[in-house]
Amino acid sequence: MTEEFHRIRRLPPYVFAEVNQAKAAARNRREDIIDLGMGNPDSATPPHIVAKLIETVADPRSHRYSTSKGIPGLRRALAAYYDRRFGVKLNPETEVIATLGSKEGLANLANAITSPGDTILVPNPSYPIHQFGFIIAGASVRSVPATPDETMLHALERAVKHSVPKPTALIVNFPSNPTAYLATLDFYKDIVAFARKHEIFILSDLAYAEIYFEGEPPPSVLQVNGAKEFTVEFTSMSKTYSMPGWRMGFAAGNPRLIAALARMKSYLDYGAFTPIQVAATAALNGPQDCVDQMRALYKERRDVLIKGLAQAGWDVPSPAGSMFAWAPIPARYAHLGSVDFSKLLLERAKVAVAPGIGFGEYGDDHVRIALVENTHRLRQAVRNIRSFMAPGNMAAAETEVA
C-alpha cells in the first residue's frame, strides 16, 4: 500500500520547492526578502469592481449555487470584449465559458479531449500547466522551441513527422510566461495554417493580453480567418484587473471544444461565486482606465528593474510584454543551473526569483523575475544584486558554491 498513486507518479517533484523552503527559512530568521518569484499581482483590485462585489454579496439570493458555465451577463461581457479588442465575434451561448481562472479551464479541457497515449505539442520553456495538464490526463508531451518564429514552425513540422501517434493539440502562449515573447498576427496565420494542414487543435493562453509596453497590442489567434474551427483561447481577469485571488477566467472559441469543457465542468463544479461573476462583468463592461494604469505601472517597474540590473552588470532583455523578465544567468554563475543560482541570489542578495527549470528543462539557464514589488523595493533589490555581483563578493560566492 506504499506505492505512489499512478497520476502522482507522472508529476516530478515540485522544482520551486527548494527555493520556497529557503525563502521560508530566511523569513523565519526575520530577513527582509524581496520576493520576485511568483507572478502574484500586488496592486489592489480597482474600487468599482470591489464595490460591485460588495453590493451583490449583500443580496442573499446571490449566495446560492451558480452555474459552471458562467452567468449569461458575464459571457456576454467577454464576447463584447473580444469584439472591441480583437474584432472577433463570439456567440456567448456556445463559444464562451467562464472558468475558475485560466489554469483550471486549460487543465479541465485537457482532461476532456485527451485519450491515454495522445501526443501534445508544448513550447519549452512554458507555464507548467501547459504540459502537466495534459500529462495528468495521460498524454505524452513533445517539446518545441518557445520562440514565435520560423524555428518554432520548423520544429512543429518535424514533430508531426516523427511523432507516433500524430499530435492532437498544440499549446501557444503569447505574451509568454515565462519568456515574455510576443507573437505577431502573421505568426498566428502560420500556426493556423499548420493546425489546419495536420488537423490539430490549438489551445492559446492569452492571460497577458493587456500587459504590453511598445507597439501594437498583442493579437488573438482567433483573429485569423478560420481559426475558430479548431481553436480555444484562454483569458484571465487576474493580471488585467489585479484580481488573482478572485479566480476568474474564460475559454472562448470552437463550440465543440467549449461544449466538451462545459460538460466536464458540469460534473466538477458549480462555477465561481455569483458576486464574483457580477463584479467581473462590471470590470469588463466598465471604465478601462484602470487597465491603462496597470500597464503603465508594470512598464515603470520594468524600466527600473532592467536599467538597474544593467548598471549592476547583469544584462537582461527588456520584456515587451507580460509581467516578467526572463533573465539569463550571468555567465560567471551559469554552471550552477537555475535552482542553485536562485538559492544563492536569495542568500546573498535577499532577492527571490523563480528558477527557469521550473518551466521546462530548456529554461535551466534562466531565472524568471516578476514585477510584483513597487519601484522602491525593486531599486532595493537592484542595490542588493549589485552588491552581490561586485567582484569581491562574486569571488567569495564562487568559492562557497564550488
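For this structure, a couple of remarks:
- Cβ-Cβ distance of Lys166 and Arg27, R₀ of 41 Å, FRET efficiency by 1/(1 + (r/R0)^6): the value works out to about 0.25.
- Average accessible area per residue (Å²) across the chain - probe 1.4 Å, nucleic acids and ligands excluded: 44 Å²
- Straight-line cross-link partners of Lys350 among the lysines, defined as a Cα under 25 Å from its Cα and at least 8 positions apart when in the same chain: Lys23, Lys299, Lys307.
- Each other residue within a Cβ distance under 14 Å of Ile113 adds +1 if Lys or Arg and -1 if Asp or Glu, for a net charge of +1.
- Taken about its Cα centre, the chain carries a charge dipole of about 640 debye when Lys and Arg each add +1 at the Cβ and Asp and Glu each add -1 at the Cβ.
- Highest-fluctuation residue, Pro92, Pro319, Pro391 considered, GNM on the chain with Cα pairs under 10 Å: Pro391
- Positive contributions from Lys and Arg (+1) and negative ones from Asp and Glu (-1), summed over other residues with Cβ under 13 Å from the Cβ of Glu31, come out at +3.
- Average Cα contact separation per residue, region 32-107, under 8 Å, 6 or more apart, as relative contact order %: 23 percent
- Dividing the mean sequence gap of close Cα pairs (under 8 Å, 6+ apart) by how many residues region 245-378 holds gives a relative contact order of 19 percent.
- Between the helical axis of 391-401 and the longest alpha-carbon principal axis of the chain there is an angle of about 70 degrees.
- For the peptides 39-47, 103-111, residues were scored by their other Cβ atoms within 10 Å and the scores averaged per peptide; the highest-first order is 103-111, 39-47.
- Here the extension length gained between Thr147 and Ala334 equals 65.2 nm, from 0.36 nm per residue of separation less the Cα-Cα distance.
- Helix-only arithmetic for the chain: the sum of -39500 (n - 2.57) across DSSP H runs with n ≥ 4, divided by the residue total, places the mean residue ellipticity at 222 nm at -14000 deg cm²/dmol.
- The GluC sites (Glu not before Pro) of region 1-94 that meet both conditions, a loop assignment by DSSP and at most 11 other Cβ atoms within 10 Å of the site Cβ, are Glu3, Glu4.
- In this simple spin-label model, placing a label point 7 Å from the Cα along the Cα-to-Cβ direction at both Tyr362 and Arg256 gives a separation of 2.9 nm.
- Positive-end extreme of charge dipole, region 229-349 - chosen from Val278, Trp246, Met294 (charges on Cβ): Trp246
- At R0 = 25 Å, FRET efficiency that the Cβ-Cβ distance of Tyr267 and Asn91 yields, to 0.05: 0.60
- With R₀ set to 25 Å, the beta-carbon distance separating Asp186 from Asp42 gives a calculated FRET efficiency near 0.10.
- Straight-line reach from Lys197: taking Cα to Cα under 14 Å and skipping same-chain neighbours fewer than 8 places apart, the aspartates and glutamates in range are Glu157, Glu229.
- Degrees, to the nearest 10: 47-57 long Cα axis against longest axis of the chain: 50 degrees
- Axis of helix 274-285 versus longest Cα principal axis of the chain: the two differ by about 80°, to the nearest ten degrees.
- Net lengthening on full extension, Glu216/His376 (0.36 nm per residue, minus Cα-Cα): 54.7 nm
- Potential lengthening between Asp59 and Arg10 on full extension [0.36 nm per residue; Cα-Cα distance subtracted]: 13.2 nm
- Solvent-accessible area, 1.4 Å probe, carbon plus sulfur percent, for region 9-95: 55 percent
- In order through region 324-339: 3J(HN,Hα) via Karplus (6.51 cos²θ - 1.76 cosθ + 1.60), integer Hz, x for Gly, Pro: 9, 10, 9, 9, x, 4, x, 3, 5, 10, 4, 5, 6, x, 6, 5
- Listed residues Gly37, Ser102, Pro355: farthest to the positive end of the dipole of the chain (Cβ charges): Ser102
- For Lys69, the lysines whose Cα falls under 26 Å of its own Cα, not counting residues fewer than eight places away in the same chain, are Lys52, Lys89, Lys103, Lys228, Lys239, Lys265.
The values are calculated or read from the model by the stated rules, or taken from the named source; none is laboratory data. On a predicted model such as this, the values are computed, not experimentally measured, just so you know. Because the Cβ atoms are built from the backbone with ideal geometry, glycine has one as well, and the counts that use them run over all protein chains shown. When the accessible area is computed, the model is the full protein with side chains, heavy atoms only, and any ligands, DNA or RNA have been set aside. Shrake-Rupley method; radii C 1.70, N 1.55, O 1.52, S 1.80 Å.
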